[in-house]
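Heads up: the structure comes next, in structure tokens.
The values are calculated or read from the model by the stated rules, or taken from the named source; none is laboratory data. A quick note: this is a predicted structure, and the numbers were derived from the prediction, not measured. Glycine gets a Cβ as well: all are built from the backbone with ideal geometry, and neighbour counts include every protein chain shown.
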Amino acid sequence: EAGVAQSPRYKIIEKRQSVAFWCNPISGHATLYWYQQILGQGPKLLIQFQNNGVVDDSQLPKDRFSAERLKGVDSTLKIQPAKLEDSAVYLCASSFSGDTQYFGPGTRLTVL
Amino acid sequence: GQQLNQSPQSMFIQEGEDVSMNCTSSSIFNTWLWYKQDPGEGPVLLIALYKAGELTSNGRLTAQFGTTRKDSFLNISASIPSDVGIYFCAGHTDSWGKLQFGAGTQVVVTP
């Protein structure tokens, strides 16, 4: 069974530029999550989708971050404009029943 | 809000030794998960626990869901070099709730 796919794996941008990350969850998993992991910390949930609806986006900085999951499968996370403090690893995870989450390899973002 | 305290922060051990780490929560959790993260990779699920008192093994790894439902433990027996990495505990209060993560335990194994 294929795991959670993410791209790109690495991205370097300058502050105030925009960036987008893509995630393809495990087939059949209705729930998709985006996490931000700052160096030395555990992942922090940004947004949770159930099919193509948002379940929780309480920690998403909505002035600059946006995410969508239009057909209930793939998802994109966008940052516009990026700030220095957005440098982190962005992890996508998916779940079938909501209790166990499986993570992708992540996208390491560096904002200069 | 909920807080997960994971300890120790780091461990330096010799190959063959056993490793123990734990996680405590300020709230009752319904699920405890243990993940391992290698550099440049996403967390990989090691063990999932769903019931208070549950003891589950995965090879040399053993984890327990504390009876108070506010803590969990992970043990690694007879450590080997590939056990190096950061181990995270995580838990949530319901199946669709936000997964809370500990800060991680960095394990370094020396030959």
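Numerical summary
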| quantity | calculated |
| --- | --- |
| The one condition in (1) part of a strand (DSSP E or B); (2) of a type outside the set (Val, Ile, Thr); (3) surrounded by 19 or more Cβ atoms within 10 Å (Cβ to Cβ) that residue A:82 fails to fulfil | (1) |
| Extreme residue, farthest from the other protein chains (Cβ to nearest Cβ), among residues of segment B:62-95 that are among the acidic types (Asp, Glu) and crowded, with 16+ Cβ neighbours inside 10 Å | B:83 |
| Some residue of segment B:38-52 being in contact with a Pro (Cβ under 6 Å, 6 or more places away or on another chain) and not small (Gly, Ala, Ser) | yes |
| Residue among B:49, B:45, B:74, B:61 that alone is touching a residue at least 12 places away in the same chain (Cβ under 8 Å) and within 30 Å of residue A:11 (Cβ to Cβ) | B:45 |
| Residue B:59 modelled with pLDDT under 95 and either within 11 Å of chain A (Cβ to nearest Cβ) or surrounded by fewer than 20 Cβ atoms within 10 Å (Cβ to Cβ) (or both) | no |
| Within segment A:69-102, considering residues that are within 10 Å of the chain's Cα centre (by Cα) and within 17 Å of residue A:4 (Cβ to Cβ), the one farthest from the other protein chains (Cβ to nearest Cβ) | A:76 |
| Residue in segment B:29-46 that is surrounded by the fewest Cβ atoms within 10 Å (Cβ to Cβ), counting only those that are facing chain A (nearest Cβ under 10 Å) and part of a strand (DSSP E or B) | B:44 |
| Filtered residues of segment B:97-111 (kept if exposed (fewer than 15 other Cβ atoms within 10 Å of the Cβ) and within 11 Å of chain A (Cβ to nearest Cβ)) | none |
| All positions within segment A:17-47 that are touching a Lys or Arg at 6+ places or on another chain (Cβ under 7 Å) and part of a loop (DSSP other than H, G, I, E, B) | A:18 |
